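Asker: What follows is a single structure, and I will ask about it in a moment.
Please treat every number below as a calculation from the coordinates, not as lab data. These numbers were taken from a predicted model, which means no experiment stands behind them. Every residue, glycine as well, gets a Cβ built from its backbone with ideal geometry; the counts of neighbours run over all protein chains shown.
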Amino acid sequence: MSTQQDPGPAQSGLFRTKNVEQSIRDTEEPEYALKKTLSALDLTVFGVGVIIGTGIFVLTGVVAKQTAGPATALGFVVAGVVCALAALCYAEFASTVPVAGSAYTFSYASLGELPAWIIGWDLVLELALGCAVVAVGWSGYVRSLLGNAGASLPDYLSGTQNGKFGFDLLAFLLVLALTAILVAGVKLSSRITGIIVAVKVTVVLIVIVVGAFFITGSHYKPFIPPAEEATAGGGLAAPIIQLMAGYTPTNFGVMGIFTAAAVVFFAFIGFDIVATAAEETRNPQRDVPRGILGSLFICTVLYVAVSLVVTGMQRYSQLSVEAPLADAFKSVGHPFWAGLISFGAAVGLTSVCMILLLGQTRVFFAMSRDGLLPRTFSHVHPKFGTPYRSTVLLGVLVAIVAGFTSIEELAELVNIGTLFAFIVVALGVIILRRTRPDLPRAFRAPLVPWVPIASVLASLWLMLNLPAETWLRFGVWMVIGCVVYFVYGRTHSRINTPR
């Protein structure tokens with residue numbers, strides 16, 4: 001394999017790249033080397049563990065009732081296709097650059113340091129918010145189960161609700177417990193995740209198999225309900241495409257399927273986290289693509305099946321938006337299955353929270369090892385082989401955020417961050433194919449550049465359907481990130497300093 005030569009003066013600019021060989025050499029430094037323990041099965045379990053969460057237990061009913069009716073199944077297919085296009089790009093990159101950091105590391109090798117910093121900064125926020133929000137959702141399910149058992153927590157320890165300030169003790173303790181598990185080792189994390197995933201996949205299969213016996217064919221008619229113009233939001237609440245071009249997304253009808261896809265996309269967030277564990281995989285060139293594509297395929301099939309069952313059990317217009325799967329079983333006189341689904345949801349959210357935290361710490365670790373963040377956070381534990389300093393720091397911060405955060409409109413902010421990462425990775429595949437055609441690629445995305453271009457366009461379309469307010473918040477976070485980069489990251493970068 002040939003080695004990329006130092007490009008000279010260009011390395012002093014904002015778009016200086018870190019060549020692939022150097023990224024791989026950095027993973028071999030004993031003080032900063034992560035332990036390689038994961039297999040393709042571990043990665044697939046991680047992927048399924050983080051993808052199957054609030055999306056399948058909540059969004060299915062919300063979208064069916066308000067946006068697409070029984071055609072919600074097609075909305076999941078569309079969202080799955082968008083993710084599949086991105087997954088092919090992630091799989092190629094992960095097999096070529098098997099280094100922690102996912103989209104951040106890929107961007108550094110192809111687009112340059114400033115774009116890499118921006119995407120890393122974006123991922124840190126996305127995964128932190130996602131983890132905190134999921135922890136709060138988990139807390140809500142557990143409090144509900146406690147209530148069914150006749151127990152309860154004081155209001156001031158149940159989080160901020162209905163404008164009343166409080167501290168969410170359960171969410172706080174969950175994140176701290178998961179932080180301790182991640183410090184103890186990624187293999188231990190994968191075993192615990194495997195148990196949790198087995199439970200919630202079993203619950204999902206129960207929904208599909210048992211629910212199939214209560215399907216009423218007339219509930220599918222019409223499968224694609226007549227189109228209705230969506231109530232146009234005003235000002236910053238309106239989708240950005242509406243403000244730019246006057247296009248108003250519709251509910252129901254054929255275009256309602258695409259509107260639904262933009263919403264249920266949140267249910268697929270997480271498969272890219274598999275790529276952040278590439279450096280801890282025994283055979284990353286083979287196993288990471290399998291983990292990414294395998295987990296995405298499994299979850300897409302389960303999502304489509306669940307949406308078909310739930311809209312067949314209960315008329316879409318009558319579905320609940322709080323707990324649609326559980327309430328669908330109640331509507332046919334089977335509360336036992338409804339309780340089991342609620343239990344599965346609570347258990348399932350535990351693995352989602354853990355893997356989001358895992359992904360965030362690996363991105364932070366990679367940025368620290370490159371000098372863009374203080375290098376003290378890239379030291380690994382001498383016994384466990386995990387980035388314990390960054391894990392503890394971020395775990396405590398996310399626990400505090402989860403303790404004081406109420407669930408509101410954060411899903412859109414997580415969505416835009418993920419879609420932005422998809423676009424960057426797709427562009428990176430095209431660029432690296434041109435600049436480094438000599439690199440060995442254990443997995444090659446098909447039809448390059450057309451598949452990456454399709455991924456960019458599909459991701460951009462979903463981004464344009466998000467509210468302008470989300471774009472504004474995202475822009476503010478990016479501006480803060482640029483300030484941090486120019487004040488600290490640029491001058492402390494290892495590319496900028498002699499090794």
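Asker: Amide H neighbours of ILE52 under 5 Å, counting only residues 5+ apart in sequence or on other chains, H built in-plane at 1.01 Å?
Answerer: Those lying under 5 Å, H to H, from ILE52: there are none.
Asker: Also: How high is the FRET efficiency between LEU447 and ILE195 when r is their beta carbon distance and R₀ equals 41 Å, given to the nearest 0.05? Write down the numbers at each step before the final one.
Answerer: Working: r = 39 Å, r/R0 = 0.95.
Using R0 = 41 Å, I get an efficiency of 0.55.
Asker: Taking the Cα centroid of region 342-367 and of region 92-119, what is the distance between the two, rounded to the nearest whole Å?
Answerer: Cα centres, region 342-367 to region 92-119: 21 Å.
Asker: Another question, then. Please rank GLU21, GLU92, fewest neighbouring Cβ atoms within 10 Å first, as an exposure proxy.
Answerer: Details: GLU21 16, GLU92 26.
Result, fewest neighbours first: GLU21, GLU92.
Asker: While we're here: Quick one: what are the phi-derived ³J(HN,Hα) couplings along region 461-474, Karplus 6.51/-1.76/1.60 with θ = phi - 60°, whole Hz, x for glycine and proline?
Answerer: Whole-Hz 3J(HN,Hα) from phi for region 461-474: 4, 5, 4, 5, 8, 8, x, 4, 4, 5, 4, 5, 4, 4.
Asker: What residues have an amide H closer than 5 Å to that of LEU38, excluding those fewer than 5 places away on the same chain, when H is modeled at 1.01 Å from N in the peptide plane?
Answerer: THR281, ARG282
Asker: May I ask you to derive the FRET efficiency for VAL476 and PHE167 from their Cβ-Cβ distance with R0 = 45 Å, giving the value to the nearest 0.05?
Answerer: Details: r = 27 Å, r/R0 = 0.59.
It comes out at approximately 0.95.
Asker: With each pseudo-label sitting 7 Å past Cα toward Cβ, what's the PHE486-ILE24 distance in nm, one decimal?
Answerer: The modelled label-to-label distance comes out at 3.7 nm.
Asker: While we're here: Could you size up the charge dipole of the chain around its Cα centre, putting +1 on the beta carbon of Lys and Arg and -1 on that of Asp and Glu, and report it in debye to the nearest 20? Don't jump to the answer; show the numbers that get you there.
Answerer: Numbers: 31 positive and 27 negative charges, 183 e Å.
It works out to roughly 880 debye.
Asker: Pairing the Cα long axis of helix 284-313 with the longest principal axis of the chain, what angle in degrees results, from 0 to 90 and rounded to the nearest 10?
Answerer: Once rounded, one gets 10 degrees.
Asker: Cut-off is 10 Å between beta-carbons; in what order do TYR220, TYR156, TYR90 appear when sorted fewest neighbours first? Display every interim value, and only then the final one.
Answerer: Values: TYR220 17, TYR156 11, TYR90 31.
If I rank by nearby Cβ atoms, fewest first, I get TYR156, TYR220, TYR90.
Asker: Looking at ALA84, ILE292, VAL310, which one has the Cα that reaches farthest to the positive end of the dipole of the chain (charges on Cβ: Lys, Arg +1; Asp, Glu -1)?
Answerer: Value computed over the given set: ILE292.
Asker: Compute the FRET efficiency between MET255 and PHE297 as 1/(1 + (r/R0)^6), taking r as their Cβ-Cβ distance and R0 = 30 Å, and round to the nearest 0.05. It would help to have the intermediate numbers written out before the result.
Answerer: Numbers: r = 26 Å, r/R0 = 0.88.
After rounding, the FRET efficiency stands at 0.70.
Asker: With 10 angstrom as the radius, rank ILE119, ILE192, ILE355, ILE51 by how many other C-beta atoms surround their C-beta, starting from the fewest. Let's see the in-between values first.
Answerer: Details: ILE119 29, ILE192 17, ILE355 34, ILE51 26.
Ascending number of Cβ neighbours within 10 Å: ILE192, ILE51, ILE119, ILE355.
Asker: Additional query: Counting only C-alpha contacts under 8 Å and six or more residues apart, can you give the relative contact order of the chain as a whole percent?
Answerer: Computed value for the chain: 34 percent relative contact order.
Asker: Take the alpha carbon atoms of region 442-499, find their center, do the same for region 69-87, and report the distance between the two centers in whole angstrom.
Answerer: 23 Å
Asker: For the chain, what is the number of Lys pairs with C-alpha distance below 26 angstrom, counting only pairs 8 or more positions apart or on separate chains?
Answerer: 13
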